[in-house]
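Working notes for the structure below.
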Amino acid sequence: MSRFLSGRFSSLKEYVPGEQPQNRRYIKLNTNESPFSPSPLVLERINSAAVSSLNLYPDNEGLALREKIADFHNIRKENVILSNGSDEILSFAFMAFCDEKRKIAFPDISYGFYRVYADLYRIEYTAVPLAPDFSVRSEDYINIGKNIVIANPNAPTGIAISLPEIEKIAASNPDYVIIIDEAYVDFGAESCIGLINKYDNLLVVQTTSKSRHLAGARLGFAFGSEELIGDLNKIRNSVNPYNVNRLTLIAGEAAFEDSGYYQSCNKKIAEIREITSEKLKALGFEVLPSKANFLFARHPSRSGKELYLSLKNNGILVRHFDKERIGDFLRITVGSEKDMNILCSILSALINGDLYPGGN
Ligand SMILES: *Cc1c(COP(=O)(O)O)cnc(C)c1O
């Protein structure tokens, strides 16, 4: 820390992303990326003409892409805002809607950034405990009198709540903003985008990072009433009006023109998820019921840390959170069939004691 850092940030605990090792090749099942490439149309559109226009700023309104996304979801472009990854729009939403009077609540076990943004913007938050089965209990949020952010499906558990539950939460807190983070919704949960015209306090956040195979392009978006989107634009235009770059806009347009490709890939991922889940259960794992592109699992005879390290020593990266209640779980991204087969055979050997757990 330099002696110049504002005291406001001296105790800030940053978000710690999953490892992105650049020196060794791992089977990478730790950050919920897609094992499939972006659609061929994306690769075709990011051509030399696209690159040679990088001397020009992008369309700060992202009009063409917003229209495509709005058409896809059967809403209006005024209900859509684009962001540099959905992390950015979440950050804008915390900035726009929370303060010392308008606090925020979210599940105690959820996406790590919620806590980081609350700390960064000095917003008091309530961490609402998940149920013993690790599900979000919607009753806990009824009439809570605070803004709310819930990932649905939740991360890192993968467990989803239903539309009627979200509707009850939104209806019982009409004076607060309810943010539903749908980063993983395309793998089998139900989106609440259809409710944004009914509830002017509902903000739905999505991303192309997981289900449209564009984690490296950094493209997220949010849906809400024209007024909520207007407020977010006020913040966006005060921070970085050119937040989505030209190549990413082009990639995003192609991705929304080729939705069939992604739907079939996501269906395949959901199938591999179910097969892998059964195999892990056969090895003695407890596996939470996931609607996302990852599984959250623990084994009664091995600690999470031990399994994480043993897998890493054997060339497989998964995510381990050294935290209360979930320290014995591994969060395993659903990768290709081949990678999941390798994962299951290494786990089987580790659990049966046929493989040296590693450590050198
Ligand atoms: C991955 C993820 C995001 C952020 O995705 P971006 O890559 O920034 O679009 C947001 N919320 C949850 C719950 C996530 O898992």
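Odds and ends about this structure:
- Some residue of region 187-197 being in a helix (DSSP H, G or I), at negative phi, touching a residue at least 60 places away in the same chain (Cβ under 8 Å) and within 15 Å of the ligand (Cβ to nearest atom): yes
- Residue count for region 211-242, restricted to those that are polar (S, T, N, Q) and in contact with a helix residue (DSSP H, G or I) (Cβ under 6 Å, 6 or more places away or on another chain): 1
- Which listed residue is over 22 Å from ARG236 (Cβ atoms) and out of contact with any Cys (no Cβ under 7 Å at 6 or more places or on another chain), from TYR184, TYR114: TYR184
- Within region 15-28, the set of residues being in contact with a strand residue (DSSP E or B) (Cβ under 6 Å, 6 or more places away or on another chain) and within 14 Å of the ligand (Cβ to nearest atom) comprises GLY18 only.
- Residues of region 1-19 classified as at pLDDT 90 or above, out of contact with any Asp or Glu (no Cβ under 9 Å at 6 or more places or on another chain) and in a loop (DSSP other than H, G, I, E, B), total: 8
- Count of region 160-186 residues which are within 16 Å of the ligand (Cβ to nearest atom) and either part of a loop (DSSP other than H, G, I, E, B) or of a type in the set (Asp, Glu) (or both): 7
- Restricting region 89-104 to residues that are crowded, with 21+ Cβ neighbours inside 10 Å and under 20 Å from the mean Cα position of the chain (by Cα), the residue that is nearest to the ligand (Cβ to nearest atom): LEU90
- The single residue among ARG115, ARG137 that is over 14 Å from the mean Cα position of the chain (by Cα) and within 14 Å of the ligand (Cβ to nearest atom) turns out to be ARG115.
- Identity of the residue in region 198-226, in a loop (DSSP other than H, G, I, E, B) and more than 11 Å from the ligand (Cβ to nearest atom), that ends up nearest to PRO156 (Cα to Cα): HIS213
- Considering the conditions (1) free of Cβ contacts under 8 Å to residues at least 12 places away in the same chain; (2) under 25 Å from ILE332 (Cα atoms), PRO35 is excluded by exactly one of them, (1).
- When region 70-88 is limited to residues that are hydrophobic (A, V, I, L, M, F, W, C) and within 16 Å of the ligand (Cβ to nearest atom), the one that is surrounded by the fewest Cβ atoms within 10 Å (Cβ to Cβ) turns out to be VAL80.
- Within region 266-289, the residues that satisfy the criterion of being within 16 Å of GLU33 (Cα to Cα) and touching a Ser or Thr at 6+ places or on another chain (Cβ under 7 Å) are ASN266, ARG273.
The values are calculated or read from the model by the stated rules, or taken from the named source; none is laboratory data. Computed from a predicted model, the values in this text were never measured in an experiment. Because the Cβ atoms are built from the backbone with ideal geometry, glycine has one as well, and the counts that use them run over all protein chains shown.
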